[in-house]
Amino acid sequence: MASIRELHEHLVKKERSAVEITQEALDRIQALEPKLHSFLHITAQKALEQARAVDAKIAAGEEIGLLAGIPIGVKDNMCTKGIPTTCASRMLENFVPPYESSVTQKLLDAGAVVVGKTNLDEFAMGSSTESSAYQVTANPWDLSRVPGGSSGGSAAAVAAEECVVALGSDTGGSIRQPASFCGVVGLKPTYGLVSRYGLVAYASSLDQIGPFGRSVEDTAILLKAIAGYDPQDSTSLKVEIPDYIASLKPDLKARGKLRIGVIKETFGEGLDSVVEQAVTKAIEQLQGLGAEIHVISCPNFRYGVPSYYIIAPSEASANLARYDGVKYGWRAPEGDNLLSMYMRTRASGFGAEVKRRIMIGTYALSAGYYDAYYIKAQKVRTLIKQDFDNAFKNVDVLVSPTAPTTAFKAGEKTADPISMYLNDLMTIPVNLAGLPGISVPCGFDEQGLPIGLQLIGKVLREDQLLQVAYAYEQSTSWHLNQPKIS
């Protein structure tokens, strides 16, 4: 499937219709889904209606935007009016929202064609998309391996060309890690840049919606469409949105001297040697493009995982308390009393990983442990942010591996939660500090599995982050490789 810009040119020149492009995506979904399982809901009828509306505008001589007629996937934790939003949980298996999330409304206003809702780890809690209550998504590069998580369905769908771009959400790396595993581009924006209205909450101070694409340009186009202030979201930032597309220059010297900091704590023990080699070569490539390379220390970086797994479950414990079988959602059969119904609903409606995190969070927030765990984790969060602040006094962009390994086998880590949690070692600190981060393909291991390079930017400097990512991408050919399923 072509890029957004190429498809836009086809539409404007009337070489292809939006219906033809949409049907091609739907046909590919139908052919690949029995093996891939990227989508929980396929909205073929609505997608074709949206495509026909775009074709009607073109026929009437109206101008269309870049996203008009473009097939898009949406992670199934974003509310879509009249379309099921399950969060891959039995608890919400019958939930059909009566309203659109802000991001999906923006896509519809732009004329985008939503082809379906993508699979995820239940309530976005996981790093492999194996905790979904409905199906396990496969990695398009090797069907025996996971696509990463929790936005694994979106990453796999883009990699396999079931859609051109997709939306995911990132709480501790849930866009960047699956982007790395699936060999696509994934961007987690600055906290507050993209509205969370209509995003089913996991950890409210960390969650952020962001785009997936097969190229940096496609990712930038989707980000521009969804970014911006939203009065319906109290954490939304009222800032001017730059032209992310115009900032894409292949020359790193275009805006003067660029200083890139290599976070030394992200290298060494626990990092796969093949990943380290690929990322090191990518850093050398950036240096060859004109960037100054500096080794930077973020001494509290290693405390990101333990602090995250106190803060995020604590917020999850509060956010998921509403799922009690009364207000909405699934309800266990009537019992002897209200309390027993509550207990059976939550015991049966939530999966093992969700229950584990609720219990951790409830414990951390309980009397006698709040100061020892939750408050201490928040203090560590502040130290991590201070490390980033100090680093950015000397450099413009930070770099690290996106994930310590390439995609692992399905089932390999399901019995070992700690090992699973460590997959987000490189990405979690970015969420704790509210910074933007992007993963771009930078190589392959000996099994032909993709490796991701993570670039981290200053607050609201997505334009600079995208420019660096674009310059690197255009100087390599990693993003042009196709997965085995193709």
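The values are calculated or read from the model by the stated rules, or taken from the named source; none is laboratory data. Owing to the predicted nature of the structure, the values given are computational and were not obtained by experimental measurement. Cβ sites come from the backbone with ideal geometry, for glycine too, and all protein chains shown count toward neighbours. Note: accessible area is taken over every heavy atom of the protein model, side chains too, but ligands, DNA and RNA are not part of it. Shrake-Rupley method; radii C 1.70, N 1.55, O 1.52, S 1.80 Å.
Here the 3J(HN,Hα) profile of region 188-203, calculated from phi with Karplus coefficients 6.51, -1.76 and 1.60 at θ = phi - 60°, is 9, x, 3, 4, x, 6, 10, 4, 9, 5, x, 8, 5, 6, 10, 10 Hz, Gly and Pro shown as x. With protein chains left intact and a 1.4 Å probe, residues in region 302-391 average 53 Å² of accessible area per residue. Using equal-weight Cα scatterers in the Debye expression, the normalised intensity of region 234-274 in log10 at q = 0.17, 0.19, 0.35 Å⁻¹ is -0.84, -0.84, -1.21.
Only aspartates and glutamates eight or more places from Lys75 in sequence, or on another chain, were considered; those with a Cα closer than 12 Å are Asp121, Glu122, Asp170. Whole angstrom only: what separates the Cα centroid of region 236-287 from the Cα centroid of region 347-399? So the separation of the two Cα centres works out to 25 Å.
Working from the Cα coordinates of region 285-423, the gyration tensor eigenvalues give, after taking √(5λ), semi-axes of 40, 20, 13 Å in decreasing order.
The H on the amide N of Ile296, modeled in the peptide plane, is under 5 Å from the matching H of Val262, Ile263, Lys264, each at least 5 residues off or on a different chain. Less than 5 angstrom separates the built amide H of Phe39 from those of Asn119, all sequence-distant by 5 or more or on a different chain. Across region 301-308, rounded Karplus estimates of 3J(HN,Hα) from the backbone phi angles (6.51 cos²θ - 1.76 cosθ + 1.60, θ = phi - 60°) give 3, 5, 8, x, 4, x, 6, 4 Hz, Gly and Pro being marked x.
Based on DSSP, what percent of beta bridges with both residues in the chain are antiparallel, to the nearest 5? Before the final figure, lay out each step's value.
Details: 30 of 46 bridges.
Antiparallel: roughly 65 percent of the beta bridges in the chain.
Applying a DSSP loop filter and a limit of 12 other Cβ atoms within 10 Å to the GluC sites (Glu not before Pro) in region 1-93 leaves Glu15, Glu62, Glu63.
Give the whole-number value, in cubic angstrom per residue, of the convex hull volume spanned by the C-alpha atoms of region 61-179. Spell out each step's value before the answer.
Working: hull volume 11.7 nm³, N = 119.
With only Cα atoms used, region 61-179 gives 99 Å³ per residue.
Overall, the ratio between the Cα radius of gyration of the chain and 2.2 N^0.38 Å, rounded to two decimals, is 0.92. Less than 5 angstrom separates the built amide H of Leu460 from those of Thr190, all sequence-distant by 5 or more or on a different chain. If you sort the three axes of the alpha carbon gyration tensor as a ≥ b ≥ c, you get a/c of 1.5 or more for region 369-477 and a/b no higher than b/c, which makes it oblate.
Of the accessible area of the chain, with the probe set at 1.4 angstrom, what percent is carbon plus sulfur?
Numbers: 9490 of 18040 Å².
Result for the chain: 53 percent of the exposed heavy-atom area is carbon or sulfur.
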